[in-house]
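**Student:** I have a structure I would like to understand better, so I am pasting it below and will then ask my questions one at a time.
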Amino acid sequence: MSKSILIKGGRVIDPSQEIDEHTSVAIKEGKIVAIGDKAPKSADEVVDAAGMIVAPGLIDMHVHLREPGFEESETIETGTAAAAAGGFSAVACMPNTDPPLDNDAAIEFVLRQASLTAHTRVYPIGALTISRAGEELAEMGLMVRAGAIAFSDDGVGIASAAVAQRAMKYLSMFDRLYIEHCEEPSLAGKGCMNAGPTANRLGLPGIPGTAETLMVERDITLAHQAGARLHIAHVSVADAVERIRQAKKADQRISAEVCPHHLLLTEESCGTYNADFKVNPPLRSRKDVEACVEGVRDGTIDCLVTDHAPHRREDKEYEFPQAPFGMIGLEIALPLFIQALIDPEVVTWPRLIKMMSTRPAQLLGVTGGTLQVGQPADVTIIDPSHEWVIDAERFRSKSRNTPFNGREVRGKAAATLVDGEWRFRSQRLS
Ligand SMILES: [Zn+2]
Ligand SMILES: [Zn+2]
């Protein structure tokens with residue numbers, strides 16, 4: 001029987017119940033048993049959370065765990081250790097593994113590996129098409145039964161409108177999200193950074209913002225017809241934000257997410273030729289960054305995600321055009337979102353917690369995102385004032401590919417509980 005825990009003195013923020021007050025959270029047998037005055041005064045373990053924020057466990061709905069197939073970059077074990085250290089109690093992992101997660105046995109493999117090795121909850125996302133080739137629909141029904149939580153061919157968008165339409169119609173029977181990596185391939189071509197002044201100066205091929213906007217527009221139209229729940233991954237372009245804003249007025253089933261790098265960095269960083277800045281969708285213009293921030297402010301964007309994409313150092317040491325796309329983010333997302341959104345007062349703390357916990361739980365239809373009595377005790381304790389310098393060498397992730405190494409930040413996860421058990425606990429938490 002797991003022991004009882006009393007977290008006292010913290011600022012308890014639970015957007016699902018509109019709680020934001022300094023009070024206590026009591027945990028027993030893996031569940032939330034009381035909040036506030038009703039909490040018992042003692043427990044097997046009493047934690048002093050003075051100066052900290054106590055929130056429902058953070059959920060990252062866009063992560064690449066690389067297992068099976070790319071275990072040299074990351075495994076379910078190391079990726080979820082990184083997640084727990086970053087304050088996440090759950091992650092949803094993308095199917096671009098090798099072999100890809102395009103059948104029920106592959107989904108079962110991930111869930112079995114997770115039950116043996118993971119530090120957080122793991123929700124596998126199944127592929128929309130066989131081999132993520134964008135041609136034949138995968139057996140999504142079987143994957144739903146095996147535990148797939150949503151569907152995507154992330155890494156690429158579905159190029160064919162007809163295939164996208166069939167996939168949406170099929171998925172609408174299961175009430176699962178259709179998650180699109182919006183990138184029209186004939187426009188994206190062999191681009192390695194944003195089509196703009198930096199790419200022009202370096203003489204490198206660019207990926208125009210239109211490649212994203214066009215597929216966002218197509219998918220909104222198709223999803224509306226099919227009655228599908230469309231989720232736009234990693235929004236990066238001002239025009240795409242505007243299309244989503246307009247579409248949401250008519251269709252509540254559309255949702256969208258944004259990553260920290262698209263809120264903090266611009267294409268100019270790629271001028272350093274450092275491939276840690278190479279990501280897909282690419283870093284865009286200042287105007288695009290401002291539009292993404294505005295999309296968060298006015299609620300056009302629902303969730304904050306990392307798109308954690310680990311790569312071996314030797315792969316990122318290729319020349320910029322040859323290096324793989326992607327950056328890691330699980331251990332630094334929280335302070336980066338604080339820098340991008342809390343410090344400039346774009347959103348309040350309750351909104352930030354909502355976008356990193358309550359809303360992803362709703363969209364995926366999973367437990368969590370709440371501190372409601374009786375629910376599993378997935379809890380994140382955040383030290384919002386902890387100042388530190390990002391040092392990738394200290395990451396729990398197997399990979400080091402972040403352009404934010406050396407950056408001064410504020411705020412850090414102090415502890416992560418899943419089912420009332422400590423999965424991460426900083427020494428600063430007494
Ligand atoms: Zn993607
Ligand atoms: Zn991704």
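**Student:** Using the per-residue mean of other Cβ atoms lying within 10 Å as a proxy for protection, in what order, highest first, do the peptides 68-78, 35-45 fall?
**Tutor:** The most tightly packed comes first, giving 68-78, 35-45.
**Student:** Okay, next question. Length gain on complete extension for the stretch D298 to T367, per 0.36 nm per residue less the alpha carbon to alpha carbon distance?
**Tutor:** 22.2 nm
**Student:** In a shell of Cβ-Cβ distance under 13 Å around R253, excluding R253 itself, what net charge do Lys and Arg (+1) and Asp and Glu (-1) give? Numbers along the way, then the final one.
**Tutor:** Details: positive: R176, R229, K248, K249; negative: D175, D219, D251, D302.
Counting the neighbours of R253, the net charge comes to 0.
**Student:** Tell me the relative contact order for the chain as a rounded percent, counting alpha carbon contacts under 8 Å between residues six or more apart.
**Tutor:** 20
**Student:** Mind checking the angle between helix 209-226 and the chain's longest principal axis? C-alpha axes, 0 to 90 degrees, to the nearest 10.
**Tutor:** Taking Cα atoms only, the helix is inclined about 70 degrees.
**Student:** Suppose all protein chains stay in the model; what accessible area per residue would a 1.4 Å probe give for the range 171-302, in Å²?
**Tutor:** On a per-residue basis, 37 Å².
**Student:** Here's a follow-up. So if I take the centroid of the Cα atoms in the range 332-351 and the same for the range 22-85, what is the distance between those two points in Å?
**Tutor:** 19
**Student:** So, one more: Between the alpha-carbon centers of the range 363-398 and the range 109-131, tell me the distance in whole angstrom.
**Tutor:** For the range 363-398 versus the range 109-131, the Cα centre distance is 19 Å.
**Student:** Something else now. Provide, for q = 0.07, 0.09, 0.13 Å⁻¹, the log10 of I(q)/I(0) from a solvent-free Debye sum over equal Cα point scatterers in the chain.
**Tutor:** At q = 0.07, 0.09, 0.13 Å⁻¹ the computed log10 ratios are -0.31, -0.51, -1.11.
**Student:** With +1 on each Lys and Arg Cβ and -1 on each Asp and Glu Cβ, and nothing else charged, work out how big the dipole of the chain is about its Cα centre, in Debye to the nearest 20.
**Tutor:** 660
**Student:** Relative to the longest principal Cα axis of the chain, at what angle does helix 161-171 sit, 0 to 90 degrees, rounded to 10?
**Tutor:** Helix 161-171 sits roughly 30 degrees off the main axis of the chain.
**Student:** So what does the Cα-only Debye profile of the range 6-131 read at q = 0.11, 0.22 Å⁻¹, as log10 I(q)/I(0), no solvent term?
**Tutor:** -0.50, -1.13
**Student:** Can I ask one more? Counting only other residues whose beta carbon sits under 11 Å from that of V63, what net charge do I get with K and R as +1, D and E as -1?
**Tutor:** -3
**Student:** I'd like the distance separating the alpha-carbon centroids of the range 264-301 and the range 150-171, in whole Å.
**Tutor:** Centre-to-centre distance over Cα atoms comes out at 25 Å.
**Student:** For n ≥ 4 DSSP H runs only, could you compute -39500 (n - 2.57) per run for the chain, divide by its residues and tell me the 222 nm figure to the nearest 500?
**Tutor:** Rounded to the nearest 500, the figure is -7500 deg cm²/dmol.
**Student:** Express the accessible area of the range 19-160 per residue in Å², computed with a 1.4 Å probe while the remaining protein chains stay in the model. Don't skip to the end; give the middle numbers.
**Tutor:** Working: 5080 Å² over 142 residues.
Dividing the accessible area of the range 19-160 by its residue count gives 36 Å².
**Student:** Something else about it: If packing is taken as the average number of other Cβ atoms within 10 Å across a peptide's residues, how do 394-402, 154-162 rank, most packed first?
**Tutor:** Top to bottom by mean Cβ count within 10 Å: 394-402, 154-162.
**Student:** Another question about this same structure. Measure off, as a whole percent, the carbon and sulfur share of the 1.4 Å-probe accessible area of the chain, all protein chains present. Kindly include the intermediate steps, with their values, before the conclusion.
**Tutor:** Details: 7700 of 16340 Å².
Whole-percent figure for carbon plus sulfur exposure: 47.
The values are calculated or read from the model by the stated rules, or taken from the named source; none is laboratory data. Note that this is a predicted model, so its numbers are computed, not measured. In this analysis, Cβ positions are derived from the backbone assuming ideal geometry, glycine residues included, and neighbour counts consider all displayed protein chains. For the accessible areas, the whole protein counts, side chains as well, though only heavy atoms, and no ligand, DNA or RNA atoms are used. Shrake-Rupley method; radii C 1.70, N 1.55, O 1.52, S 1.80 Å.
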